[in-house]
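Values quoted throughout were computed directly from the atomic coordinates according to the rules given, and no laboratory measurement underlies them. Keep in mind that this is a model prediction, so the values were computed, not measured. Virtual Cβ from ideal backbone geometry, glycine too; neighbours counted across all protein chains shown.
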Amino acid sequence: MNHRWQRIITWLGITLTAYIAVSIALRPDPHDALRAADTQFAVGAYRAALTTYTALSADLAEAALRRGIVYTVRGEADPARRALAAAIQAGLRPPDYQRAVLYLGHVALLEGDRDAARRTWQLLTVCTPIHCAVRDVLLADDDLVAGRFQEALAGYHRVPLELLPGDWASLITVRRVWLTTLLDPARPPVFPAVSTDIPSDPLLRPLLPPTPDPVTLAEVLAAEPAARPQLLGQLALDLGYDRLALAFFAQVDPTGPYGLAAAIYRAYAHLRLGDRQQGIEQLEHLAAAHPNDPRLGPLLALAYVNSGDLDAAAARLQRIRDAGISGPALALAQAGLALAQRDFVAAADAYEQAVIVAPAADRARYVTLAARFHLDSGFERCTSGLLAAQAAVNAQPSDPEALTILAGTRYYCGDFADARDTAATALAAGAGVEARFYYGLALSATGDLAGGRAALIAVADQAPASRWRRRAETALALIEGR
């Protein structure tokens, strides 16, 4: 009897142990969910990843860190900072802590505080090789933005390429060539082969500064010497490096064929940098020196508009008209002034005038601009705006911008089925997130809620830091009844 009970107790113990082992084995591992969310993040499915990271962040500091990263990608500085701080307070492994500090610096950039960003990155005095390399790249990029070109080039040269993934190593190579061309124009550009065994890290990729791709830069460097600094300056402006652009424009021969264009771009760069007085003074000087150039007067008037001096803008436009100068550029400047004055009737008349006086070869572009005005302002959207949008597509049936504007106009005018079809055509022609936004709205309006939801989620993921993400998420909340 005692032996029988002993066998039963032994069997129960074994069974209980096995049950506990199986239960532990089958229990969901939060790290499995974290890895799944990381896969979504890597392919740009930010909304889905954010949902998982948020659910896990109370238990996993790594999830809280990733939540902060997604908020940073979405351009939401306050939630990003709070999530990153919470992750640090919860306790992160050293590599994750270093990643959090890198992103806290990026959050400071989102808020326009470059000094705070630099101080934050400089806090990383002990870090893994890849995180130290990324820190040094970001510090060199700050030097580049600030116009400290020698320091930036030295910083880029200090970073060992073999410690970086291919995307970061390629950026460094391009930056070295870019700056060497500025500082030593006579030196032939050399694009060394980039070879690295470090795999790309999706969680570091959002920190990559903007840079021209090597093919585009090589094409610009192959241009004729007189045009090269002008093209390099325009490339720098396109990427937001205004001081670098100014340095390249300063190398353009002022008496050569690109001298006037470079001077105009210099003034524009000063305006972008917030130095409005210098930018306007340069444009005033150019307008006085080239009174018959049809570009300069309207550009100066628009500069006045952007600086808030509407009286000076109106006076400049009147002087242009009194001089007998006309053309679509003047009409667009008049439209800009009217919009600043909230005079939509005058703005509509000015856009119509731009279409009328434009050369036949350029008329489609000005019709598209007029249609864009009506769509964005809502003024006469379903009358003059619809006619202009249709005319723009008639003139250029495969133009993504014209098709996008027509799709949006049709949607807001209640023609949901045609809006859906036009948006689909725009997407097939290469249109971007705006067309997909209208496509999602139109799908939902025609009863395809699942398709509309999928399209709007794609908008939010493809342009996470844009107004289109915010508009898409507002639409999603309405669709989902929130």
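Just a few scattered comments:
- Given the chain, longest segment not containing exposed loop GluC sites (Glu not before Pro) (DSSP; at most 14 other Cβ within 10 Å): 112-479
- Amide H partners (placed H, <5 Å) of THR196, local residues excluded: none
- Three-way shape call for the range 31-189 based on the alpha-carbon gyration tensor, with the a/c threshold at 1.5: prolate
- The length gained on full extension between ALA465 and PHE379, counted as 0.36 nm times the residue separation minus their Cα-Cα distance, comes to 28.2 nm.
- The order of HIS270, HIS157, going from fewest to most other C-beta atoms within 10 Å of their C-beta, is HIS157, HIS270.
- Estimated from helical segments only, the mean residue ellipticity of the chain at 222 nm is -23000 deg cm²/dmol, where each DSSP H run of four or more residues counts as -39500 (n - 2.57).
- Computed E for GLN122/ILE198 - FRET, C-beta separation, R0 30 angstrom, nearest 0.05: 0.80
- As a length-normalised measure over Cα pairs under 8 Å and 6 or more apart, the relative contact order of the chain settles at 7 percent.
- Order of THR474, THR125, THR196, THR211 - criterion: other Cβ atoms within 10 Å of each residue's Cβ, fewest first: THR125, THR474, THR196, THR211
- Cα gyration tensor category, rounded, prolate or oblate, for the chain with a/c compared to 1.5: oblate
- From phi via Karplus (6.51, -1.76, 1.60), per-residue ³J(HN,Hα) for the range 443-456 in Hz, x at Gly/Pro: 4, 5, 5, 9, x, 8, 5, 5, x, x, 4, 4, 5, 5
- Modelled FRET efficiency - R0 56 Å, GLN318 with LEU239, Cβ distances, 0.05 increments: 0.90
- Given charges at beta-carbon only (K, R positive; D, E negative), |dipole| of the range 220-364 in Debye: 120
- Using alpha-carbon coordinates, inclination of helix 276-289 to the longest axis of the chain, degrees: 30
- R0 of 35 Å, Cβ-Cβ distance GLU111-GLU162: FRET efficiency to nearest 0.05: 0.55
- Between the range 123-163 and the range 35-109, the alpha-carbon center distance in angstrom: 23
- Each label point was placed 7 Å from the Cα along the Cα-to-Cβ direction; for ALA250 and ALA48 their separation is 5.0 nm.
- Gyration tensor verdict on the range 95-165 (Cα atoms; rounded if a/c is under 1.5, prolate if a/b is larger than b/c, oblate otherwise): oblate
- Net charge of neighbours whose Cβ lies under 12 Å from the Cβ of LEU182, counting Lys and Arg as +1 and Asp and Glu as -1: +4
- In plain terms, the residue of TYR439, TYR366, TYR304 with the fewest other Cβ atoms within 10 Å comes first and the most crowded comes last, giving TYR366, TYR304, TYR439.
- Note on the range 387-436 and the range 201-217: Cα centroid distance 31 Å, given to the nearest whole angstrom.
- In a simple Cβ point-charge model (Lys, Arg +1; Asp, Glu -1; nothing else charged), the range 31-189 has a dipole of about 20 debye relative to its Cα centre.
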